[in-house]
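One structure is given here, and the rest of the page talks about it.
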Amino acid sequence: MRPGVLVRLAVAGTRTDLVRVVLTTATATLATAMLLVAATVLAVDVPEPRYQVVLLNHFDLRQTVAATLLLVSLPVLVLAAQAGRIGAPARHRRLAALRLAGATPRQVVTIAAAETGVAAALGSALGLAACLAGRVLLHQRNPEGRLWLPTDVSPWPWLLVLILVGLPMAAASVAALLLRHMQHSPLGVVRAADTPKPKPWPLVFVPLGFAIFAVTETRGGMSGSVVLRLFFGGAVTAAGLVLGMAWLSYQAGRLLHRAGRGPATLLAARRLTTDPWSGSRTVGVLLVCALVAGGGLGMRDHYAAQLRIWLRHEPPPELVDRVRQGEPIDPFFASGLKGISLAVGVAAAIAAIGVLTALLEAVAARRRAFAALTAVGVRRRVLARALLWQALLPVALMMPAAVVLGAGMVHQILPEMYDMVFTARMIPGCTVGDCVTGDFSYQHETWFADWAEVALVSAAGIGLVALIAGLAAATLRTRTDLQDLRAA
């Protein structure tokens, strides 16, 4: 197949295909930039570096920063892997039609891999360009000769090649893997044959990733192997959430079918059980964002436990003044938490675009069914409520669990907090001098996460999905035209 024909067939499609390409490029750009920053931090091997950001001047803190960057990049990596699922049914039918028209299985796979792989490669190049531009703009020294960030360090060459080449190859491989059913039976894809029911086995990855965090020893410091082990554990947990979301949606549909009353809930329940794959993986990305956000809440509560211990032991007056004024005691730690919140917010915003696109595609694909329901007397507001139930129920059930799971994973790797307590007692028969003695003991300081913040983050995620579903439901008026009932 000539390159010109390959490119023309790869870019042919609807606006949904264009959105998929743009999302793939954007997520690959963000993921590449975050991974390159983490690789740069890992590559700092100067015995006593001198940067303005104090966290980069100590080995353990520097490895902690790298681990945090890698964990925060998980939602972006998951979204980059799932961006190819936007508009997948329509694309599969288009490629299956080419297959029935005479294209070989290898040509069809090449077309799909070219579309996704080239978009991911473009995103990797843009991410590399952004990092290089940042190195030039931020390479400035203060009067003491200190750099703000490690712009004088380059990532290890093998890690650089792995990021820039591995990400596009992984995206192209996922696109080729998704066409495995069509290669054997393209006619079934064109006829929109029923898909098999989801299996619960991907959820095994969730406790497996949690166990990796539980057995990882961090008391000896955050070495490079520890950082990679934590990243692997987080990636395993994220994969379990994303891949297991279809089974959770199916079970949520069965539960709603048993307990629901009214046409809206019954329509949503039937849709969840009939096609649990629709949008489940993209919604799973929001759960990964909630997982990382829960980890940030766990770190914040650990910091609050330290603050409680410090304030009980006659802290310096300037420390008390800063607390009363609402200022953070450790501005570097506070800035790190803000960075995590910002990264999670950006990933959630990109994931929200993917969820909106998936819902709009689902509404457009079912326009004839919606028109038929409208023709027999079902009101549009009932269809809108059904769409809201379909989008909200799985997320409402899993969003709080994902936040708590993230906080629990962070609780496994951060050290326990103990406070030294002095128990005073009087010496019997003492009348002269100091008659008070006592013993020192250690008191465990309980910390996990602020439950009010857990509820706030969960409510924010559920509210975001509700807003997206509302926007998709607003298009029902144009998708319930009775003219769609005419045969094509």
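The values are calculated or read from the model by the stated rules, or taken from the named source; none is laboratory data. Quick caveat, the model's predicted, so the values are computed rather than measured. Here Cβ is always computed from backbone atoms with ideal geometry, including for glycine, and neighbour counts include all displayed protein chains. Surface areas here come from the heavy atoms of the whole protein model, side chains and all, with no ligands, DNA or RNA. Shrake-Rupley method; radii C 1.70, N 1.55, O 1.52, S 1.80 Å.
For the stretch 131-147, the count of residues that are open to solvent by less than 40 Å² (accessible area, probe 1.4 Å), modelled with pLDDT of 75 or more, out of contact with any helix residue (DSSP H, G or I) (no Cβ under 6 Å at 6 or more places or on another chain) and assigned to a helix (DSSP H, G or I) is at least one.
When you scan the stretch 131-141, do you find a residue that is without any contact (Cβ under 8 Å) to a residue 40 or more places away in the chain, polar (S, T, N, Q) and over 19 Å from residue 77 (Cβ atoms), even just one? Yes, the stretch 131-141 contains a residue that is without any contact (Cβ under 8 Å) to a residue 40 or more places away in the chain, polar (S, T, N, Q) and over 19 Å from residue 77 (Cβ atoms). Residue 165 meets each of the listed conditions (1) at pLDDT 80 or above; (2) hydrophobic (A, V, I, L, M, F, W, C); (3) open to solvent by less than 60 Å² (accessible area, probe 1.4 Å); (4) closer than 30 Å to residue 113 by Cβ apart from (3).
Looking at the stretch 24-47, is at least one residue over 19 Å from residue 296 (Cβ atoms) and at pLDDT below 75? Checked the stretch 24-47: at least one residue is over 19 Å from residue 296 (Cβ atoms) and at pLDDT below 75.
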